[in-house]
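Below: the structure, in structure tokens.
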Amino acid sequence: MNIIAMGGGGFSAEDNNPLLDRYILNQSEQLRPKICFLATASGDDEAYIQKFYDFFNQEDCEPAHLSLLKPEVTDYEAFLLSQDIIYVGGGNTRNMLALWKEWGLDKILEKAWNEDIILAGLSAGATCWFNEGLSDSTPGGMSTVKGLDFLPGSLCPHYNGDPKWKENYLDFIQEKHILTGFALDDGAAIHFVGRDIHVAITSRPESAAYRITPGDQEATVDTLEMTELSLNQ
């Protein structure tokens, strides 16, 4: 039961840095793992999907994707449960979760998780696994969004990106508008086994993962012990 949640990065944002994506591939016991991309949060953006193939076609794996807006697969459950890794892209978290529930992917992904298929993703594709998360999906500001509840607590991606993510998450945590949880810089990820942290990893020396809790006057930020990835991992 593996989930790898990334704040940002990977093939879509780190053109010359394959470390996070190769880490994901290396968690599979298969010599050529089958990896399926879900780009639902981006509206199945064709350029985004092509960028996935541009990277993973060069790796030792078998890439595929599943589109809900331009479906080519008739049995979603059989297709997804035949994969070794399911990789979820970024975009609009709220729209993605609504579509998943309409098409039953929320239940299929839970089956995949329980059958030890590796789940991974960045931004919306990381937030979705938690009980709730911080999102910019709604116009007019930041808000909370309910996730699939595979992992407890909340998540904030892009913690070192646009300042609105950090500022709002710290305020929401302190004011108890969102559950205690984790913040991830772009380039940082947490690998969960079951619901427990296995390791926190980073593809960039300056990026980290944090546990955020309410404090006496302001939210408390504790940096997790990070493992810096190298090409040998």
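What's the center-to-center distance, using Cα atoms, between the range 123-154 and the range 8-37 in Å?
Centre-to-centre distance over Cα atoms comes out at 22 Å.
Rolling a 1.4 angstrom probe over the protein heavy atoms, how many square angstrom per residue are accessible across the chain?
Computed with neighbouring chains in place, this is 45 Å² per residue.
Indicate, rounded to the nearest 5 percent, the antiparallel portion of the DSSP beta bridges found entirely in the range 115-216.
About 70 percent, rounded to the nearest 5.
Just need the relative contact order of the chain here, percent rounded to a whole number, with Cα pairs under 8 Å and 6+ apart.
22 percent
Under the rule that an exposed site lies in a DSSP loop and has at most 15 other Cβ atoms within 10 Å, name the longest stretch of the chain with no GluC sites (Glu not before Pro) of that kind, not counting the sites themselves.
The longest such stretch corresponds to 116-174.
Projected onto the charge dipole of the chain (+1 at Lys/Arg Cβ, -1 at Asp/Glu Cβ, origin at the Cα centre), which of 108, 203, 56 gives the Cα projection farthest towards the positive end?
The one lying farthest along the dipole's positive direction is 108.
What is the sum of charges around residue 56, taking Lys and Arg as +1, Asp and Glu as -1, for the other residues whose C-beta is under 15 Å from the C-beta of residue 56?
-4
Across the range 58-177, how many lysine pairs, 8 or more positions apart or on different chains, have C-alpha atoms separated by under 20 Å? Please give the number.
So the count works out to 10.
Heavy atoms only, probe 1.4 angstrom, no DNA, RNA or ligands counted: give me 70, 51 ranked by accessible area, highest first.
Descending accessible area places them as 70, 51.
Need the full-extension length gain, residue 75 to residue 171, defined as separation in residues times 0.36 nm minus the C-alpha distance. One decimal, nm.
On the way: separation 96, 0.36 × 96 = 34.56 nm, distance 4.30 nm.
Contour length minus Cα-Cα distance gives 30.3 nm.
Quick check: at a probe of 1.4 Å, how many percent of the accessible area of the chain sits on carbon and sulfur atoms?
Percent of accessible area from carbon and sulfur atoms in the chain: 45.
So what's the net charge close to residue 79: Lys and Arg +1, Asp and Glu -1, counting the other residues with Cβ under 12 Å from its Cβ?
Once positives and negatives cancel, what remains is -2.
Which trypsin sites (Lys or Arg not before Pro) in the range 159-217 pass both tests, a DSSP loop state and at most 12 other beta-carbon atoms within 10 Å? Walk me through the intermediate numbers first.
Numbers: sites: 164, 166, 176, 195, 211; in loops: 176, 195.
Of the trypsin sites (Lys or Arg not before Pro), the ones in loops of the range 159-217 whose Cβ has at most 12 other Cβ atoms within 10 Å are 176, 195.
Relative to 2.2 N^0.38 Å, what does the C-alpha radius of gyration of the chain come to as a ratio? Two decimals please.
0.95
The values are calculated or read from the model by the stated rules, or taken from the named source; none is laboratory data. All values reported here derive from a predicted model rather than from experimental measurement. We place every Cβ from the backbone using ideal geometry, glycine too, and count neighbours over all the protein chains shown. These area figures cover heavy atoms from the full protein model, side chains too; ligands, DNA and RNA do not enter into them. Shrake-Rupley method; radii C 1.70, N 1.55, O 1.52, S 1.80 Å.
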